[in-house]
Structures are given as structure tokens and as C-alpha cells.
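Input: a single structure, listed below in C-alpha cells.
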Amino acid sequence: MAAGVGGSAPHEELEKLTDMAAGAEPIVLGEYEARLRKVQDLMRQQAVDALFLTPGANLQYFTGMRWGLSERLAGALVPASGPLTYIAPAFERDTFTSYMVVPGELYTWEEHESPFRLVGSMLDTAGIGDGAIAFDPDAPFAFFDGVCGAKGRCRYLNAMRLTAPCRSRKTPAEIALIQRATNLTLEVHKAAARILRPGITTTEVVEFIDAAHRACGAASGSVFCIVLFGNATSFPHGVKVPQVLARDDWVLIDTGCRIEGYHSDITRTYPFGKASQRQRYAWAVEHEAQAAAFDAARVGTPCQEVDAAARRVLERHGFGPGYALPGLPHRTGHGCGLQVHESPYLVRGEETPLDIGMVASDEPMLVLPGEFGVRLEDHFYMTSIGARWFTRPSPSIDDPFDLESA
């Protein structure tokens, strides 16, 4: 049995876990104000007159507002110069105001009124009669269509050109929160490995991982959780039916949590019992590909080159080429922050150069259809001297959690 796999029970492991989120420092008002100044500078450079943010990651990133998306329009309007304003349903006024971090004037609409016309009035008040409006890329089409209909003279743009350059470069405060979340999830992974036993189901492991995340201080538990045994590990995002663990099964667990809005996302793959020679070989190739991607990550290097570095390893060992199976069927990595998948992406065609503060997953999964899959996933962030891991990758198939060097 690999080090740290099996030998314990869920109640024993939950009793051992402690709150690892205590003391996490949330993003402060001054940082939100700095983010707004930065995006307004970009708006002026790109001749964009206003940025409209709807509930979600972008609204939270720029204003600190954590408001749920629904069919009722709410959000914030950021002009290229001057203070931002908010919009919300009138009956939510007091609640909405209580969630504000960056102060601003609040415009409200009654249930029988059109919120889209109110956005038009807000634009008029800001002196924007027919300018360029950057619209939140995560907004529902109904919101975009409604505002366009109410303010047809304006030119509408995808706000990704503004949001991605800001959000992709994490500040030290953001890095610290992601580090906290990844440290927490790695401990949950270790606990989950210890509860494995013949007969346990993937459903039981998923439930345990959620409880373990909560026990470690992640209030919302697992943001996502993929647990796969045997042949199911060859499906990158799983299968629709649960599996039952047997001796010498192959195990893949991919999960993460959120601390102050910032995500973790870690995957470990290992045998429950004895690994075959083919599994050992594939695991070693995956490990080499992950290391090659990390080594290729340098400030100024286009994101696509990191993906290419991983694929060169796989192709040298006879996998691929490209997305062909057996091989790597998807990109090598994705950005991570307020969303578990966000810019930048480590994928062919992505020419964005890596820059200080960028965060990305490194997970060049190796899929052998009909047999098994291997995904080793850790995240790194860019510094002036290169990439730095948030979590130490698995050193070997026999020591997936780096216990023997501890």
C-alpha cells in the first residue's frame, strides 16, 4: 500500500482535523479601491466609458460585494472617471447596502419597473449618452439584451479585456488566501486517502471530503469534488454512477474549497494496493510532464509554451500527439482565484506572457481510454525569479503525499 493510504476511519480523521482558516486576512477596502483605479486607467487607455458588473466574481473582485445572481438585475456601474454607483431591487435596499464594501450611491427599482431603463438613466447621469460600455462577460444574456434595448445608442464590448488583465495578476493578499486554501485542501486529501478501504463508495468519500473541508475551516465545504475508482479515472471529470473500491483499484481525487472567496484545486492519483507496471509507467510519465510544465513557466514566456512543454514529454513517451488518446485530451492548466477556472489558460494559442502574480494549475492529465487516467494537479504562482508551487507535488507513486520525507 502506498504511504498514507488506508488504515483509518472517517470519524477518526475528522476528529484530528483543526481549523486551518482561522486568521485568514480578507481583502481590505484599500485594495478594492486600488483595483478600481487600475481598471479605470485601463478603461481610459481603451476608450471605454463605463464598465457594468453583475453579481459574481467580477463584482466581488472590484467592489468586495458578494451578492447572489438571480433573475433580478443588480450590480455596479464603474465610469472611466469618478465614483461607482450601484443598482438593486428596491425591496433589497437595506440588505444590499449592508453588503457594500466600497461605498457608492445606490439606485433602486420597484418590481413593476424596468431595471434596464434605470441603468440607462444611470449612464445618462454619468454623462454617458452614447459611449462604449464594457459588459460583464459572466452576465446573463437577458441582462445584456435588456440594457442594450434600453440604451441602444451605446457601443457594447466584452469586459474581459478589462477584467482579465486585472484579475490575472494576484496581489500578495490574494496569494496568501490561495495558499491558505491549498494548504487546507492538501490536508483533506491526506485524510481522504487514509479512510479508503475495500467496499467504500465514491459517494462516501465525496461526503467525507465535504465534511473534512468544513472541519478545517472552509465554511462552504467542498466547492467541487471528483472521486473516481478504477476505469472511471480515465474520464477527466468523472462518470454518472458511483463506484465501489476494491483491492488494487486505481484512485483519482480532485477537490477544492474556498477561503474568503479564493479557491484551491488539487488532484492526486495513486493505487489502493498494488499498481501494475503500466500504471507505474504512466504515473511516472505524468509526473515528468507536470515537472516540465513547471520548469517552462518563466516571466515573459507565453502561456502556450507551458502547455507545449508538457506535451513534448508525453509525445516522447508515445502518447498523443495533440489531444489524441491515449494522451492529454485538454489544456495543461488554468488560472485560479475567485473562480476555480479563470484567465490565464495554459493552452495552445494562448500567447499571453506569464507575469508576476499570475496563478495557474499544472495538470497535464494522461488518459488511457478503457484502462485508467492519471492526473497530478498542483498550482503555482509567478514570481520575479520564476514559478513557485503552492503545494509540493507528489514525489512518487508510492508516496503520493510526500510523507516519507517529512
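The values are calculated or read from the model by the stated rules, or taken from the named source; none is laboratory data. Just so we're clear, the structure is a prediction, and the values are computed from it rather than from any experiment. FYI the Cβ positions are ideal-geometry reconstructions off the backbone, even for glycines, and counts take in every protein chain you see. Just so you know, the surface numbers come from the protein's heavy atoms only, side chains and all, with ligands and any DNA or RNA stripped out. Shrake-Rupley method; radii C 1.70, N 1.55, O 1.52, S 1.80 Å.
Selection over the stretch 135-165 of residues that are over 18 Å from the mean Cα position of the chain (by Cα), open to solvent by 50 Å² or more (accessible area, probe 1.4 Å) and touching a residue at least 60 places away in the same chain (Cβ under 8 Å) gives a count of 2. Scanning the stretch 268-295 for residues that are farther than 22 Å from residue 231 by Cβ and open to solvent by 50 Å² or more (accessible area, probe 1.4 Å) turns up 288, 295.
Taken together, the residues in the stretch 125-156 that are in a loop (DSSP other than H, G, I, E, B) and over 20 Å from residue 42 (Cα atoms) amount to 6.
Can you pull out the residues in the stretch 381-403 that are part of a strand (DSSP E or B) and either among the hydroxyl-bearing types (Ser, Thr, Tyr) or in contact with a Gly (Cβ under 9 Å, 6 or more places away or on another chain) (or both)? 381, 382, 383, 396, 399 - these are the residues of the stretch 381-403 that are part of a strand (DSSP E or B) and either among the hydroxyl-bearing types (Ser, Thr, Tyr) or in contact with a Gly (Cβ under 9 Å, 6 or more places away or on another chain) (or both). Within the stretch 37-67, the set of residues being over 19 Å from the mean Cα position of the chain (by Cα) and open to solvent by 20 Å² or more (accessible area, probe 1.4 Å) comprises 37, 38, 40, 41, 42, 44, 45, 46, 47, 49. For the stretch 53-70, give me the residue count where each residue is of a type outside the set (Ser, Thr, Tyr) and part of a helix (DSSP H, G or I). Residues meeting the conditions: 5.
Keeping to the stretch 347-406, report how many residues are of a type in the set (Asp, Glu), surrounded by fewer than 18 Cβ atoms within 10 Å (Cβ to Cβ) and within 24 Å of residue 179 (Cβ to Cβ). Working first, answer last.
So in the stretch 347-406, the residues of a type in the set (Asp, Glu) come out as 350-351, 355, 362-363, 371, 377-378, 398-399, 402, 404.
Retained after the next criterion (residues that are surrounded by fewer than 18 Cβ atoms within 10 Å (Cβ to Cβ)): 350-351, 355, 371, 398-399, 402, 404.
Applying the additional criterion that residues be within 24 Å of residue 179 (Cβ to Cβ) yields 355, 399, 402, 404.
Counting residues in the stretch 347-406 that are of a type in the set (Asp, Glu), surrounded by fewer than 18 Cβ atoms within 10 Å (Cβ to Cβ) and within 24 Å of residue 179 (Cβ to Cβ) gives 4.
When the stretch 104-124 is filtered for residues that are open to solvent by 70 Å² or more (accessible area, probe 1.4 Å) and not in a strand (DSSP E or B), the ones remaining, listed by number, are 110, 111, 112, 113, 117, 124. Of all the listed residues (199, 131, 127), the sole one being open to solvent by 60 Å² or more (accessible area, probe 1.4 Å), of a type outside the set (Lys, Arg) and out of contact with any Phe, Trp or Tyr (no Cβ under 6 Å at 6 or more places or on another chain) is 127.
Condition first: open to solvent by less than 10 Å² (accessible area, probe 1.4 Å) and in contact with a helix residue (DSSP H, G or I) (Cβ under 8 Å, 6 or more places away or on another chain). Can you find one or more residues in the stretch 166-175 that meet it?
Initially, the stretch 166-175 is screened for residues open to solvent by less than 10 Å² (accessible area, probe 1.4 Å), giving 166, 168, 174.
Those still in the list that are in contact with a helix residue (DSSP H, G or I) (Cβ under 8 Å, 6 or more places away or on another chain) too: 166.
Checking the stretch 166-175: at least one residue is open to solvent by less than 10 Å² (accessible area, probe 1.4 Å) and in contact with a helix residue (DSSP H, G or I) (Cβ under 8 Å, 6 or more places away or on another chain).
In the stretch 205-224, the residue that is most open to solvent (accessible area, probe 1.4 Å) out of those that are within 15 Å of residue 253 (Cα to Cα) and without any contact (Cβ under 8 Å) to a residue 60 or more places away in the chain is 207. Taken together, the residues in the stretch 68-101 that are exposed (fewer than 12 other Cβ atoms within 10 Å of the Cβ), under 23 Å from residue 30 (Cα atoms) and not polar (S, T, N, Q) amount to 1. Looking only at the stretch 266-292, residues that are within 19 Å of residue 186 (Cβ to Cβ) and touching a helix residue (DSSP H, G or I) at 6+ places or on another chain (Cβ under 8 Å) come to 5 in all. For the stretch 315-350, taking the residues that are out of contact with any strand residue (DSSP E or B) (no Cβ under 6 Å at 6 or more places or on another chain) and not in a loop (DSSP other than H, G, I, E, B), the one that is nearest to residue 167 (Cα to Cα) is identified as 327. Residues of the stretch 71-100 that are outside any helix (DSSP H, G or I) and in contact with a Lys or Arg (Cβ under 9 Å, 6 or more places away or on another chain): 80, 81, 88, 89, 99. Counting only residues that are at positive phi and out of contact with any strand residue (DSSP E or B) (no Cβ under 8 Å at 6 or more places or on another chain), the stretch 39-89 holds 3 of them. The set of residues in the stretch 296-310 being in a helix (DSSP H, G or I) and either out of contact with any helix residue (DSSP H, G or I) (no Cβ under 8 Å at 6 or more places or on another chain) or touching a residue at least 60 places away in the same chain (Cβ under 8 Å) (or both) consists of 303, 304. Scanning the stretch 225-254 for residues that are open to solvent by 50 Å² or more (accessible area, probe 1.4 Å), in contact (Cβ under 8 Å) with a residue 12 or more places away in the chain and at negative phi returns 231, 235, 242, 244, 247. Consider the stretch 271-324 and keep the residues that are within 17 Å of residue 250 (Cβ to Cβ) and hydroxyl-bearing (Ser, Thr, Tyr). The one that is nearest to the chain's Cα centre (by Cα) is 281.
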